[in-house]
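A.B. asks: Sending over a structure as structure tokens; questions will come in a sec.
Coordinate-derived values only; no laboratory data. Please read these numbers as outputs of a predicted model, since none were measured by experiment. Reconstructed Cβ throughout: ideal geometry from the backbone, glycine too, with neighbour counts over all protein chains shown.
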Amino acid sequence: MNSPPPASNTPYGTLPTTSNPTARKPVSLPRLLDMRARGEKIAMLTAYDATFAAVADAAGVDCVLVGDSLGMVCQGLSTTVGVTLETMRYHVESVARGARRVQATVWIVGDLPFGSYHESKEQALRSAVVLMEAGAHMVKLEGGGWTTETVHFLVERGIPVCAHLGLTPQTVHALGGYRVQGKTIESAALLKKQAHELQDAGASMLVLEMVPAALSAEVTNELLHCPTIGIGAGKDTAGQVLVLHDMLGMNLGKMPKFVRNFMADAPGIKEAMQAYVAAVKDGSFPDNAQHAW
């Protein structure tokens, strides 16, 4: 009988291998939808390289978002607009390799960067194929209205899609900065309308960013087949996501007020991630008192 491979030793601790009998089952789209139906919160973090992806997987993170936020936290850009599809492909590949080095259970979402899906549905398909071939299980795109047809086009071709409403960083210049969205009756009604359209088009997940907590709760309750993932959107979404560097207390600028530094009371990065997962699951993060919008 062949002996199991040794555990992987990293600067962040000893990580379990795929042969670990206690390793969790891979996170799948049906499982995420089942979590939504059962009321179990979905814990998502960004990751951009192999090591952090492996640690996130071992820490029990459900979903890893390879976000175009890497342009700001890794490349030092002022916005996400300058991130290219080739850059996203490189980082998705790195994350996928890292997950395979450990349990390979985490669900990987890859951001379609600015300009990679705006020209046509066919362009969006070509871009999505690049990220799926790199190891993503799902692609994410921003905005509602015009994106609905694109979402349907991709889903029909077997590509799971995560939509993104509220503050959409790729259009930050058009929005006039990093501002809360959906504060007026009209803008809230439009966001709800677009959320339903995206679900009807086949989106399997919806990120709500910097949206009033009451509005995100309404959208979450109305979308039965599209789990909502909040960031600065209150505690009543179906799950939460944070930028990895933010939750570890590292930020090149001003830390958003909805962020909690999970590294402050943790002995290591893996433990900080585990604390984040636990806080999301038990509902202690986020705290709606932090959301004054």
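A.B. asks: What FRET efficiency comes out for the pair Ser120/Asp200, r = Cβ-Cβ distance, R0 = 25 Å, nearest 0.05? Display every interim value, and only then the final one.
C.D. replies: On the way: r = 21 Å, r/R0 = 0.85.
Efficiency for this residue pair is about 0.75.
A.B. asks: Order by neighbour count: Leu175, Leu32, fewest other Cβ atoms within 10 Å first, most last.
C.D. replies: The order, fewest Cβ neighbours first, is Leu175, Leu32.
A.B. asks: I've got another one for you. I need Met132, Met250, Met88 ordered by Cβ neighbour count within 10 Å, fewest first.
C.D. replies: So the ranking, lowest neighbour count to highest, is Met250, Met132, Met88.
A.B. asks: Could you give P(r) for the stretch 148-276, binned at 10 Å from zero, as whole percent values over all Cα-Cα pairs?
C.D. replies: 13, 37, 33, 16, 2
A.B. asks: Also, I was wondering about something else. Choose one answer from Ala53, Ala214, Ala203: the residue with the largest mean-square fluctuation in a GNM of the chain with alpha-carbon springs under 10 Å.
C.D. replies: Greatest mean-square fluctuation among the candidates belongs to Ala214.
A.B. asks: List the aspartates and glutamates whose Cα lies under 15 Å from the Cα of Lys254, skipping any in the same chain that are fewer than 8 positions away.
C.D. replies: Filter leaves Asp246.
A.B. asks: Now for a separate question. Sequence neighbours fewer than 8 away in the same chain don't count; with that in mind, list the lysines whose C-alpha is under 16 Å from Lys140.
C.D. replies: Reachable lysines: Lys121.
A.B. asks: What does the extension gain come out to for Arg31 and Cys74, with contour length at 0.36 nm per residue minus their alpha carbon separation?
C.D. replies: Once the chain is fully extended between Arg31 and Cys74, it gains 12.4 nm.
A.B. asks: Let me ask something else about it. Name the residue, out of Glu93, Glu271, Glu222, whose mean-square fluctuation peaks in a Gaussian network model built on the chain with Cα pairs under 10 Å.
C.D. replies: Highest fluctuation among the options: Glu222.
A.B. asks: May I ask you to compute the full-extension gain from Met250 to Val129, defined as 0.36 nm times their residue separation minus their alpha-carbon distance, rounded to one decimal in nm? Numbers along the way, then the final one.
C.D. replies: Details: separation 121, 0.36 × 121 = 43.56 nm, distance 3.24 nm.
Gain on extension, Met250 to Val129, equals 40.3 nm.
A.B. asks: Add -39500 (n - 2.57) for each DSSP H run of 4 or more in the chain, then divide by its residues: what number comes out at 222 nm, to the nearest 500 deg cm²/dmol?
C.D. replies: Taking each H run of at least 4 residues, the total per residue is -11500 deg cm²/dmol.
A.B. asks: Apply the membrane-span-like helix rule to the chain: whole DSSP H runs, Cα extent along the own long axis of at least 18 Å, mean Kyte-Doolittle hydropathy at least 0.0. List the helices found.
C.D. replies: Helices passing the filter in the chain: 121-134, 269-282.
A.B. asks: Expected output is a single nm value to one decimal: the length gained when fully extending between Arg179 and Leu224, i.e. 0.36 nm times separation in residues minus the C-alpha distance. What is it?
C.D. replies: Contour length minus the Cα-Cα distance gives 13.4 nm.
A.B. asks: Which one of Ser187, Ser116, Ser28 has the biggest mean-square fluctuation once the chain is modelled by GNM with Cα springs under 10 Å?
C.D. replies: Ser187
A.B. asks: A further question follows. Could you give the size of the charge dipole of the chain about its Cα centre, using +1 on the Cβ of each K and R and -1 on the Cβ of each D and E, expressed in debye and rounded to the nearest 20?
C.D. replies: 460
A.B. asks: Lys257: which lysines have alpha carbons under 24 Å from its alpha carbon, excluding same-chain residues fewer than 8 sequence positions away?
C.D. replies: Counting by Cα, and skipping residues close in sequence, Lys257 has these lysines nearby: Lys41, Lys183, Lys235, Lys270, Lys281.
A.B. asks: Another question, then. Using modelled amide H (1.01 Å from N, peptide plane; none on Pro or chain starts), what sits under 5 Å from the amide H of Ala233, excluding residues fewer than 5 places away?
C.D. replies: Distant-sequence amide H within range of Ala233: Met210, Val211.
A.B. asks: In which sequence would Glu122, Glu209 go, from the one with the fewest C-beta neighbours within 10 Å to the one with the most?
C.D. replies: Exposure proxy ranking, most exposed first: Glu122, Glu209.
A.B. asks: Nearest 5 is fine: what % of DSSP beta bridges in the chain come out antiparallel, could you say? Walk me through the numbers on the way to the answer.
C.D. replies: Working: 3 of 30 bridges.
Percent antiparallel among DSSP bridges in the chain is about 10.
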